[in-house]
1. For the range 46-86 and the range 126-191, what is the separation of their Cα centres, given in Å?
2. With unit charges on the beta carbon (Lys/Arg positive, Asp/Glu negative), name the residue among VAL335, ALA131, PHE148 whose Cα is farthest towards the positive pole of the charge dipole of the chain.
3. Report the full-extension gain for the segment ALA264 to ARG62: residue separation times 0.36 nm, less the Cα-Cα distance, to one decimal in nm.
4. Only four residue types carry charge here, +1 at the Cβ of Lys and Arg and -1 at the Cβ of Asp and Glu. Report the dipole size of the chain about the Cα centre in Debye, rounded to the nearest 20.
5. Name the residue from VAL210, PRO189, PHE355 whose Cα lies farthest towards the positive end of the charge dipole of the chain, charges +1 on Cβ of Lys and Arg and -1 on Cβ of Asp and Glu.
6. Considering only PHE119, PHE332, PHE319, give the residue with the highest GNM mean-square fluctuation for the chain, with springs between Cα atoms whenever their separation is below 10 Å.
7. Carbon and sulfur: what percent of the range 338-402's accessible surface (1.4 Å probe)?
8. For the chain, which DSSP H helices look membrane-span-like by this rule: Cα extent along the axis of 18 Å or more and mean Kyte-Doolittle of at least -0.5?
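The values are calculated or read from the model by the stated rules, or taken from the named source; none is laboratory data. Predicted model, so just to flag it, every value in this text is computed and none were measured. Counting neighbours? That spans all protein chains shown, and the Cβs are built from the backbone with ideal geometry, glycine included. Side chains included, ligands, DNA and RNA excluded: accessible areas come from the protein's heavy atoms. Shrake-Rupley method; radii C 1.70, N 1.55, O 1.52, S 1.80 Å.
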Amino acid sequence: MSRAVQLAALGLVGFGLPAWAVTLISDVRAQQLIVACAIVSFFGFLGTIYLVPKVAAKTQARGICGKDLNKKGTPAGDKPIPESAGLAPGCVFLLCVICFELLHYYDIGSLVGFVRSGFTGELKTESISEAWLVDYNAALATIGFMLFLGFSDDVLDIRWRVKLILPLFASLPLLVAYSGGTGIALPKPLAALGLPPYLELGILYKVYMVMLGIFCTNSINILAGVNGLEAGQTFIVACAVLLHNLLSVAGWPGWGAGGADAAAARDGHLFSAGLMLPLAATTFGLLVFNWYPSKVFVGDTFTYFAGMTIAVAGILGHFSETLLLFLLPQVFNFVYSLPQLFGIVHCPRHRLPVFDPATGLLRPKDAPDWNLVNLTLQLFGRCGENALCIRLLALQVASCALTFGLRYLLQGYYK
């Protein structure tokens, strides 16, 4: 398949299922907010398309560029590729989220009528809870801080061990402002053993929040090195989380809490959807340039910002267990990489496979690095860079599909 067809297929699947889920929502206000967010996100996609070449030109002019090591020995391998292109979708994402926050102040129906009438007539407002505003602004601050730290890493080339703790500092606004519960609902099998249905963790829950932020941020960063892989996995996870959010808001069988927790769960998923829609749209705009053969590199700017956005959605949406299931390839890659990350096994600067210029195929090193990219080559044999990326993204899709299957089958039995 051509590059355009591959991107079209990915976009169709990624956006098509959430679009179907929107039609299932019976709450008019919620549906209107999601459609409004989708419109804002579409303009975010266009804005990303426009800004990425501008940012790439600036970074390349400042010497922030690199060479594609998976094409070494070919003309493409000698060509400098602009880095830190993730700055464009990151900034556009923040703008989209701010615009979506503004829309919450108004009745969407009256806002549409106000625009259609030439900005005349009555414009109705909606009340917003102070707790929602605090959480939303804390999320904005945390994601913006992580975007800044990621760009700083691209410019300053921060040491790996320091990178691991950067999300700790970015999480501070979220930790300080967090006013939600600090406990977890235990699985029903544990409750049957005499344990309480709800376990209060206190400060340990906030430690867990920090650890989740650190994991999500670094997990995307270390599952990398192939054109389109970082942005591709982010897009798939964002669309899967969005679909999960919309099914929960719609009350689809097997999704959503019941009873007194239903309203809080619905608000949490609506909050998350407001983050995932612009993340998916801006990431897809970046993929237009980052898909094989890549015209730009996303840099740590993108992986840090994207990982923290996903973590914030899971934390404030209160579905971190489901989120970790969506991230099973990242969890496996992180655990599998630990011997190298902690220096037990030699860890080179770039844990990439070897490119053979004669055949155009990638193969693992004689002493393969401990990551999922090289393991895939060991298990399934040599292949081109584009094929390798598609294999890894197919694994991501399979992980998300498995999560939806488990979520449906275990609903009512697990929790």
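1. The distance from the Cα centre of the range 46-86 to that of the range 126-191 comes to 29 Å.
2. VAL335
3. Details: separation 202, 0.36 × 202 = 72.72 nm, distance 4.77 nm.
The ALA264-ARG62 span can extend by a further 68.0 nm.
4. Computed charge dipole of the chain: roughly 1000 debye.
5. PHE355
6. Of the options given, PHE119 has the highest mean-square fluctuation.
7. Numbers: 2170 of 3330 Å².
Carbon-and-sulfur percentage of accessible area, whole number: 65.
8. Details: long enough: 3-22 (29 Å, 1.40); 28-61 (49 Å, 1.14); 87-103 (24 Å, 2.43); 130-156 (38 Å, 1.01); 203-222 (29 Å, 1.39); 229-250 (31 Å, 1.50); 262-290 (41 Å, 1.04); 299-317 (27 Å, 1.13); 328-341 (19 Å, 0.69); 385-410 (37 Å, 1.21).
Flagged H segments are 3-22, 28-61, 87-103, 130-156, 203-222, 229-250, 262-290, 299-317, 328-341, 385-410.
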